[in-house]
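First up is the structure itself, then whatever we jot down about it.
The values are calculated or read from the model by the stated rules, or taken from the named source; none is laboratory data. Model, not experiment: these values are computed from the prediction. Cβ sites come from the backbone with ideal geometry, for glycine too, and all protein chains shown count toward neighbours. These area figures cover heavy atoms from the full protein model, side chains too; ligands, DNA and RNA do not enter into them. Shrake-Rupley method; radii C 1.70, N 1.55, O 1.52, S 1.80 Å.
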Amino acid sequence: MADISDILLNRRTIRKYSSETVDDKLLNDILSMGCRTSTTGNMQVYSIIITRDEAKKKELAPFHFNQKMITEAPITLTFCADFNRFNKWCKLRDAEPGYDNFLSFMTAAIDALLIAQTVCIAAEAKGLGICYLGTTTYMAQKIIEVLKLPKGVVPVTTVTLGWPDEFPEQVDRLPLSAIIHNEVYKDYSDEDIEMFYKEKEQRKDSQQFVKENNKNTLAQVFTDIRYKKADNLYFSKMLLQVLKDQGYMEY
Ligand SMILES: Cc1cc2nc3c(=O)[nH]c(=O)nc-3n(C[C@H](O)[C@H](O)[C@H](O)COP(=O)(O)O)c2cc1C
């Protein structure tokens, strides 16, 4: 078994999986490791939905914009912010829950994301490959319908899981000095930005990306194509409605 440093430093997202299954014992081991993660007040206000059924994966696929990993990976995990279970416990024990607000959604979403990341590391340590799907928060309403999530439960991220059938190049990272601030935040000058993004912009794959998308800069690929303002506003509105419907915006 590889050392944890090797696992963390050598990982990459896997989007192509072999048809080999992931058995229940292995999945349970990984989930048990994930659920050792710290959570707010040890309330564990999250749930994980396992999707193995081909028909269910096909139902989910359009709401992940038909990204092929959903149907090709043997397992899809949907991580949900979930005060439903905790609220029910409170009510049965003569305790009045006060978790119908945005702060509580953030609490539960943070728990769910921390669990998701530990599950991913546990899976990668076992040689499995993972891919997060950010489409979950875009299409939360539809995913709620497919997975039959009750009030209090909001999907916050999805991870596809399976045995890798590819070994992609690792993608770049900004240098650590771009990310780290000692003691207080040191804001970035234009020169800092030039320096920190230089390597990313000069990479062949980045330049190819700019060319393919008929843009002048890499940043424009993000602002005009991949993460456009109009889309952000549209999906933002939908997500806020989901939070209202699921009972997190009462006051
Ligand atoms: C919250 C989140 C959402 C993501 N959504 C997607 C997605 O919808 N489709 C996809 O192919 N990759 C997705 N990714 C994977 C990222 O593209 C990937 O982590 C990033 O490019 C860095 O690559 P690496 O993980 O191989 O280092 C997502 C990652 C995160 C953390």
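Which count do you get for residues in the range 1-18 that are among the small types (Gly, Ala, Ser) and without any contact (Cβ under 8 Å) to a residue 40 or more places away in the chain?
Qualifying residue count, the range 1-18: 1.
Could you list, in sequence order, all residues of the range 154-210 that are among the polar types (S, T, N, Q) and either in contact (Cβ under 8 Å) with a residue 24 or more places away in the chain or within 16 Å of the ligand (Cβ to nearest atom) (or both)?
The first filter runs over the range 154-210 and keeps only residues among the polar types (S, T, N, Q), leaving 157-158, 160, 170, 177, 182, 189, 202, 206-208.
Those that are among the polar types (S, T, N, Q) and either in contact (Cβ under 8 Å) with a residue 24 or more places away in the chain or within 16 Å of the ligand (Cβ to nearest atom) (or both): 157, 158, 160, 170, 206, 208.
Condition first: near the ligand (Cβ under 9 Å from one of its atoms) and in a strand (DSSP E or B). Now tell me which residues in the range 114-142 satisfy that.
Those that are near the ligand (Cβ under 9 Å from one of its atoms) and in a strand (DSSP E or B): 130, 131, 132, 133.
Residue 1 versus (1) open to solvent by 90 Å² or more (accessible area, probe 1.4 Å); (2) at pLDDT 95 or above: which is the lone unmet condition?
Checking residue 1 against (1) open to solvent by 90 Å² or more (accessible area, probe 1.4 Å); (2) at pLDDT 95 or above, the one that fails is (2).
Looking at residue 186, is it more than 28 Å from residue 135 (Cβ to Cβ) and not in a loop (DSSP other than H, G, I, E, B)? Give the steps one after another, and end with the answer.
Details: more than 28 Å from residue 135 (Cβ to Cβ): yes; not in a loop (DSSP other than H, G, I, E, B): no.
In short, no.
Given (1) in contact with a helix residue (DSSP H, G or I) (Cβ under 6 Å, 6 or more places away or on another chain); (2) open to solvent by 80 Å² or more (accessible area, probe 1.4 Å); (3) away from the ligand (no atom under 16 Å from the Cβ), where does residue 83 come up short, assuming only one miss?
(2)
Would you mind telling me which numbered condition in (1) surrounded by 13 or more Cβ atoms within 10 Å (Cβ to Cβ); (2) closer than 26 Å to residue 73 by Cα residue 203 fails?
Here residue 203 meets the rest and fails (2).
Among the listed residues 233, 174, which satisfies the condition of being of a type in the set (A, V, I, L, M) and assigned to a loop (DSSP other than H, G, I, E, B)? Please lay out each step first, then the result.
Values: 233 fails: assigned to a loop (DSSP other than H, G, I, E, B).
Of the residues listed, the single one that is of a type in the set (A, V, I, L, M) and assigned to a loop (DSSP other than H, G, I, E, B) is 174.
Residues 169, 145: which one is open to solvent by 30 Å² or more (accessible area, probe 1.4 Å) and assigned to a helix (DSSP H, G or I)?
Details: 169 fails: assigned to a helix (DSSP H, G or I).
The match here is 145.
Any chance the range 82-92 includes a residue that's in contact with a Ser or Thr (Cβ under 8 Å, 6 or more places away or on another chain), in a strand (DSSP E or B) and farther than 24 Å from residue 25 by Cβ?
yes
Among 21, 78, 107, 37, which is open to solvent by less than 40 Å² (accessible area, probe 1.4 Å) and assigned to a loop (DSSP other than H, G, I, E, B)? I'd like the intermediate steps shown before the answer.
Numbers: 21 fails: open to solvent by less than 40 Å² (accessible area, probe 1.4 Å); 78 fails: assigned to a loop (DSSP other than H, G, I, E, B); 107 fails: assigned to a loop (DSSP other than H, G, I, E, B).
Sole residue among the options that is open to solvent by less than 40 Å² (accessible area, probe 1.4 Å) and assigned to a loop (DSSP other than H, G, I, E, B): 37.
Is it fair to say residue 229 is farther than 21 Å from residue 65 by Cβ and loosely packed, with under 12 Cβ neighbours inside 10 Å? Lay out the reasoning, then the answer.
On the way: farther than 21 Å from residue 65 by Cβ: no; loosely packed, with under 12 Cβ neighbours inside 10 Å: yes.
It is false that residue 229 is farther than 21 Å from residue 65 by Cβ and loosely packed, with under 12 Cβ neighbours inside 10 Å.
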